[in-house]
1. Go over the candidates THR35, THR66 one by one and state the one that is closer than 15 Å to PRO94 by Cα, modelled with pLDDT of 95 or more and out of contact with any strand residue (DSSP E or B) (no Cβ under 6 Å at 6 or more places or on another chain).
2. Could you say which residue among GLU128, GLU107, GLU97 is acidic (Asp, Glu), over 30 Å from ASN42 (Cβ atoms) and either surrounded by 11 or more Cβ atoms within 10 Å (Cβ to Cβ) or modelled with pLDDT of 90 or more (or both)?
3. Would you be able to tell me the number of residues in the stretch 29-60 that are without any contact (Cβ under 8 Å) to a residue 12 or more places away in the chain and among the aromatic types (Phe, Trp, Tyr)?
4. Could we say that SER45 is out of contact with any Cys (no Cβ under 7 Å at 6 or more places or on another chain), under 21 Å from VAL87 (Cβ atoms) and buried (at least 17 other Cβ atoms within 10 Å of the Cβ) here?
5. Output the number of residues of the stretch 79-94 satisfying the condition of being at pLDDT 95 or above, farther than 17 Å from SER33 by Cβ and surrounded by fewer than 16 Cβ atoms within 10 Å (Cβ to Cβ).
6. Conditions first: (1) touching a strand residue (DSSP E or B) at 6+ places or on another chain (Cβ under 9 Å); (2) in a helix (DSSP H, G or I). HIS103 passes all but one, so which condition is the exception?
7. Can you say whether LEU69 is in contact with a Phe, Trp or Tyr (Cβ under 9 Å, 6 or more places away or on another chain), crowded, with 21+ Cβ neighbours inside 10 Å and not polar (S, T, N, Q), as far as the supplied structure shows?
8. Have a look at THR91, THR35 and point out the one that is in contact with a Ser or Thr (Cβ under 8 Å, 6 or more places away or on another chain) and assigned to a strand (DSSP E or B).
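The values are calculated or read from the model by the stated rules, or taken from the named source; none is laboratory data. Model, not experiment: these values are computed from the prediction. Cβ sites come from the backbone with ideal geometry, for glycine too, and all protein chains shown count toward neighbours.
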Amino acid sequence: MTDTPTIEDLVGNVDPSFQHVLSCVFGIQDHESRTYLVLLDNPGSTVAELAERLDRDRSNVNRSLTALLEKGLATRQRRLLDPGGYVYQYTATPLPEAKEMMHEALEEWVAAVHDRIDDVEEADLVSEE
């Protein structure tokens, strides 16, 4: 079983948290949306820093960050270290931009639902059963 909420979870909830809405709209798991919110408050964090703040192991945080990067909710920059080598620093997509992305995704979903409602014929309903 996964902890990824669905849009159906959101529709039936009269007072959803922002974290829940974020998870539903982007199809990410609750721990990934929590990672986004922590990253929002801690821009430029490394995996190790996030793991400590989230009280999760680094491999789980890495997977959460990968999901956020894929959804456009975070960016990654490589920082060179003085003694050599590098570390990646992550920054959350700014909240206004993330909110706009959420609005756009919901508007697309609503338009698709309206199209489906408009396109349905009684014969379609019989064939779906």
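1. Working: THR66 fails: closer than 15 Å to PRO94 by Cα.
One residue alone meets the criteria, THR35.
2. Testing whether each residue is acidic (Asp, Glu), over 30 Å from ASN42 (Cβ atoms) and either surrounded by 11 or more Cβ atoms within 10 Å (Cβ to Cβ) or modelled with pLDDT of 90 or more (or both) leaves just GLU107.
3. Narrowing the stretch 29-60 to residues without any contact (Cβ under 8 Å) to a residue 12 or more places away in the chain: 41-42, 48-49, 51-52, 55, 57-59.
Next, from what is left, pick out any that are among the aromatic types (Phe, Trp, Tyr): none.
Qualifying residue count for the region: 0.
4. Values: out of contact with any Cys (no Cβ under 7 Å at 6 or more places or on another chain): yes; under 21 Å from VAL87 (Cβ atoms): yes; buried (at least 17 other Cβ atoms within 10 Å of the Cβ): yes.
Yes; evaluated as a whole, the condition is true for this residue.
5. Filtering the stretch 79-94 for residues at pLDDT 95 or above gives 88-94.
If we keep only those that are farther than 17 Å from SER33 by Cβ as well, we get 88-89.
Going one step further and asking which of them are surrounded by fewer than 16 Cβ atoms within 10 Å (Cβ to Cβ), we end up with 88.
Qualifying residue count, the stretch 79-94: 1.
6. (1)
7. Values: in contact with a Phe, Trp or Tyr (Cβ under 9 Å, 6 or more places away or on another chain): yes; crowded, with 21+ Cβ neighbours inside 10 Å: no; not polar (S, T, N, Q): yes.
For LEU69, the condition - in contact with a Phe, Trp or Tyr (Cβ under 9 Å, 6 or more places away or on another chain), crowded, with 21+ Cβ neighbours inside 10 Å and not polar (S, T, N, Q) - is not met.
8. On the way: THR35 fails: assigned to a strand (DSSP E or B).
Residue meeting the stated conditions: THR91.
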